[in-house]
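See below for the structure under consideration.
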Amino acid sequence: MAKRVKGVVQINDLPDSVLIHIMSFLSTKVAARTSILSTRWRNLFTLVPNLNFDLDEECPFWGWRRSSYRAPIKRFRCFVDGVLFFHDMENVDKFRLKFCRKRSESVDSISACRWISGALKRGVKHLDLNISLDKFTLPDALFTCRTLTLHLRSVKFFDDNSVKSLFSSCSSLEDVVIEKCSMKKVRSFSFSHPFLKRLSVIHSCDNFNCWLMIDTPHLSNFKLIDHVVAGYSLKNLESIVSVIKILLEDEDLRADATRHATSVFREIYLARSLVMSAYSLELLLSCEPLPDFPTLVELEIPYNKAKQLNSRDKGLETLLPLLPELQNLAFRQDVLNSLPEEVPCLLFKVKAIEISNFVYDQDCIRKAKYILENGRALEKLTIRTSICLYETKLKISKVLFAYPKKSKQCSILIVAIVLLL
């Protein structure tokens with residue numbers, strides 16, 4: 001028997017709760033292998049709250065032969081059945097099931113449905129399904145689960161009824177993500193839910209003739225990253241108070257896109273935090289009249305060199321007077337086309353400003369000087385430059401650090417990718 005080293009804690013000395021927490025970061029197959037270590041370890045893996053079953057990881061596609069693919073599938077089915085049968089946890093935090101590569105024979109839909117139902121009976125909170133089956137019906141228990149977050153990725157909706165039947169059945173959902181789904185045959189993607197709090201629609205609007213219709217009275221967090229569709233109908237969004245990301249994407253500003261997308265901004269006027277692309281900003285500035293954002297505290301227009309504002313007579317400075325409570329502002333230097341005239345939020349409210357895509361030229365330096373000279377409440381100014389030489393960073397630092405600041409408590413941070421020559 002090996003001797004214990006004084007002062008050193010061995011893994012067997014740790015309490016069961018710590019060992020179970022460590023195993024929760026392992027795949028279920030690896031966690032199950034610990035049962036052979038000793039009598040104490042025999043049943044510990046059955047208490048792990050995270051279950052992760054991945055057939056493609058266990059049996060890579062390139063390693064399969066037609067004469068032997070039935071055995072790995074049979075072993076996989078027996079393993080999942082055994083784990084769920086012996087699992088002692090009443091509550092499962094995460095359940096992941098993956099077998100997405102199509103083969104002539106794969107896991108059958110009856111087994112998949114049985115495993116998902118087993119996770120639902122244990123109160124699963126996060127269900128991650130990445131499966132490829134020609135015909136598969138989700139278990140009825142999924143639609144009444146009160147602990148579930150629904151994340152749909154690469155799901156194909158066949159028609160308007162398929163959308164309606166799915167979401168109308170999930171009566172207790174609070175968190176939904178729709179990512180890279182296909183809506184080519186959907187005319188109206190209608191989402192009406194009384195209890196939903198968080199909704200994300202990401203790269204799923206592949207049908208420009210589709211309408212996006214949302215009616216969610218308790219929605220607090222809304223993320224939309226997609227192309228502009230035929231139209232929007234957004235109702236009962238008065239509860240939105242947290243982060244909202246509106247990153248609409250398109251190649252040009254079409255008249256119908258401008259007309260339809262502006263309805264998005266009119267419905268989120270009570271937002272406290274807003275992230276949007278430069279293209280979204282131009283759509284917003286095309287609204288007649290421009291909407292007010294009386295409660296907006298944070299505004300971010302992330303850097304994307306591929307997108308440029310088409311309209312040079314309007315910029316961020318047009319929007320700033322409509323943001324009386326703004327405190328945190330992050331923007332690309334090129335979306336501020338001209339220096340604003342005595343904007344109250346910049347003078348008295350804004351505490352943190354971040355400027356990206358900053359270069360050492362007269363226009364950028366002038367914008368930074370204006371902010372330093374007028375920001376009375378400013379506490380931090382962050383400058384993010386693109387790739388530059390070390391000497392260029394020194395020039396920017398020398399100019400800005402020496403310039404007088406209206407706010408005595410303001411600090412300046414310059415972040416750059418530096419090329420040393």
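Descriptive notes on the structure:
- Matching residues, segment 350-361, being under 29 Å from the mean Cα position of the chain (by Cα) and not in a strand (DSSP E or B): 350, 351
- Any hit, segment 121-135, residues being without any contact (Cβ under 8 Å) to a residue 24 or more places away in the chain and not acidic (Asp, Glu): yes
- Top-ranked residue of segment 29-57 - restricted to ones that are in a helix (DSSP H, G or I), touching a residue at least 40 places away in the same chain (Cβ under 8 Å) and in contact with a Lys or Arg (Cβ under 9 Å, 6 or more places away or on another chain), ranked as nearest to residue 122 (Cα to Cα): 55
- Every pair of residues 6+ apart whose Cβ atoms lie under 8 Å, when the first sits in segment 352-369 and is on the phi > 0 side of the Ramachandran plot and at pLDDT 90 or above while the second is among the basic types (Lys, Arg) and not in a strand (DSSP E or B): none
- Hits in segment 142-197 (condition: in contact (Cβ under 8 Å) with a residue 24 or more places away in the chain and among the aliphatic types (A, V, I, L, M)): 142, 148, 150, 152, 155, 163, 173, 176, 177, 178, 183, 186
- Selection from segment 169-185 of residues that are in a loop (DSSP other than H, G, I, E, B) and loosely packed, with under 15 Cβ neighbours inside 10 Å: 171, 172, 180, 184, 185
- Residue 154 satisfies every condition listed in (1) under 25 Å from the mean Cα position of the chain (by Cα); (2) modelled with pLDDT under 85; (3) surrounded by fewer than 19 Cβ atoms within 10 Å (Cβ to Cβ); (4) on the phi < 0 side of the Ramachandran plot except (4).
- Subset of segment 385-400 that is of a type in the set (A, V, I, L, M) and in contact with a helix residue (DSSP H, G or I) (Cβ under 9 Å, 6 or more places away or on another chain) - its residue that is nearest to residue 417 (Cα to Cα): 396
- Within the option set 237, 274, being at pLDDT 80 or above, outside any helix (DSSP H, G or I) and of a type outside the set (Phe, Trp, Tyr) holds for one residue only, 274.
- Looking across 403, 390, one residue alone is surrounded by fewer than 16 Cβ atoms within 10 Å (Cβ to Cβ), over 19 Å from residue 329 (Cα atoms) and touching a Lys or Arg at 6+ places or on another chain (Cβ under 8 Å). It is 403.
- Qualifying residues in segment 317-349 (those that are of a type in the set (Val, Ile, Thr) and outside any loop (DSSP other than H, G, I, E, B)) - the one farthest from the chain's Cα centre (by Cα): 318
- Residue count, segment 362-413 (criterion: within 19 Å of residue 350 (Cα to Cα) and in a strand (DSSP E or B)): 8
The values are calculated or read from the model by the stated rules, or taken from the named source; none is laboratory data. Quantities reported herein were computed from a predicted structural model and do not represent experimental measurements. Because the Cβ atoms are built from the backbone with ideal geometry, glycine has one as well, and the counts that use them run over all protein chains shown.
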